[in-house]
Amino acid sequence: MPVSSDDYIIEAAGLTKNFFGFAAVKDVDLKVRRYSIHALIGPNGAGKTTTFNLITKFLQPTGGTILFNGTDITALKPEQVARKGIVRSFQISAVYPRMSVRENVRIALQRPLGNAYKFWVSEQTLKCLDGRVDQLLDDVGLLNYGNQPAALLSYGRKRALEIATTLALEPEMLLLDEPTSGLGHEDVDRIAGLIRRVAANRTVLMVEHNLSVVSSLSDKITVLAQGRVLAEGDYQTVSRDPRVIEAYIGGADD
């Protein structure tokens, strides 16, 4: 059955980014299907993170266009893109360490209400958020850690907390930058399971180096090398592609 444009949440065409004459990304075409898990992989220097930053608008492209739900977002700023429903997490966990786990989630929940975090707002005023806080913490396996300072969480649970805070913004599309980086085996399995659950009703685009995670989660994979799309397809297709095998030989992931 032919795939229509309406089936794609992100459509990037001719995406290019130059840094002082060096093309980190060159004419990348990328289509991310709605309600899928799409992975960006590639060897060192492939342009994965640059592409990711272009889509989330933390970098402005030198050339090309980006459509989100059919609307051109190429010239928008990161906060404008976030308001449209594209929310990202980062390679390094970003939580407020001195605040409790619950407070971290509640801060994120206040943003869709049009409120910045206000230290002088009473606890009673914010009680309306408690149910959603508990639901999000339960979703990521942190309900029993709600009153604990975020600084005391294990690294893997901090990553889960970060995902909870991104989900609090009700994203239509969630972008994950190396979600299992630095995790032990048990935490990798926990985060992979969490990604699978949250992808049930939203689109996920992730940069990920753990190929076991990529193979088990991804509906589609785009392989980048030297700033260009090298191959695309499911894991079986790209893992057997001679160009992909050659690109990875002797290379370390970035």
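What the table shows:
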{"read-out": "Rel. contact order, % - alpha carbon contacts under 8 angstrom, at least six apart, segment 5-248", "value": "28 percent"}
{"read-out": "Rg to Rh quotient for segment 5-248, alpha carbon positions, Kirkwood Rh", "value": "0.99"}
{"read-out": "Acute angle (nearest 10 degrees) that the helix 185-198 long axis makes with the longest principal axis of the chain, alpha-carbon atoms", "value": "90 degrees"}
{"read-out": "Computed lengthening from D7 to E246, 0.36 nm per intervening residue step minus Cα-Cα distance", "value": "82.8 nm"}
{"read-out": "Rounded to 10°, Cα long-axis angle of helix 155-167 versus longest principal axis of the chain", "value": "90 degrees"}
{"read-out": "Percent antiparallel among DSSP beta bridges (both partners in segment 5-248, rounded to 5)", "value": "55 percent"}
{"read-out": "Separation in nanometres of the label points that stand 7 Å from Cα toward Cβ, at F20 and D219", "value": "4.1 nm"}
{"read-out": "Acute angle (nearest 10 degrees) that the helix 130-139 long axis makes with the longest principal axis of the chain, alpha-carbon atoms", "value": "40 degrees"}
{"read-out": "Net dipole in debye of the chain [+1 Lys, Arg Cβ; -1 Asp, Glu Cβ; about Cα centre; nearest 20]", "value": "580 debye"}
{"read-out": "Sites excluded, chymotrypsin sites (Phe, Trp or Tyr not before Pro) in DSSP loops with at most 11 other C-beta within 10 Å, longest stretch of the chain", "value": "121-254"}
{"read-out": "Alpha-carbon centroids, segment 131-209 and segment 17-61: separation in whole Å", "value": "23 Å"}
{"read-out": "The chain: calculated mean residue ellipticity at 222 nm from DSSP helix runs of at least 4, using -39500 (n - 2.57)", "value": "-9000 deg cm²/dmol"}
{"read-out": "Theoretical gain in end-to-end length, A200 to Q60 [0.36 nm per residue, Cα-Cα removed]", "value": "47.4 nm"}
{"read-out": "Fewest-first sequence of S89, S239, S212 by Cβ atoms within 10 Å of each Cβ", "value": "S212, S239, S89"}
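Read-outs: derived from the displayed coordinates by stated rules, not from any lab. Because the structure is predicted, anything quoted here is derived from the model rather than measured. Neighbour counts run over all protein chains shown; Cβ positions are idealised from the backbone, glycine included.
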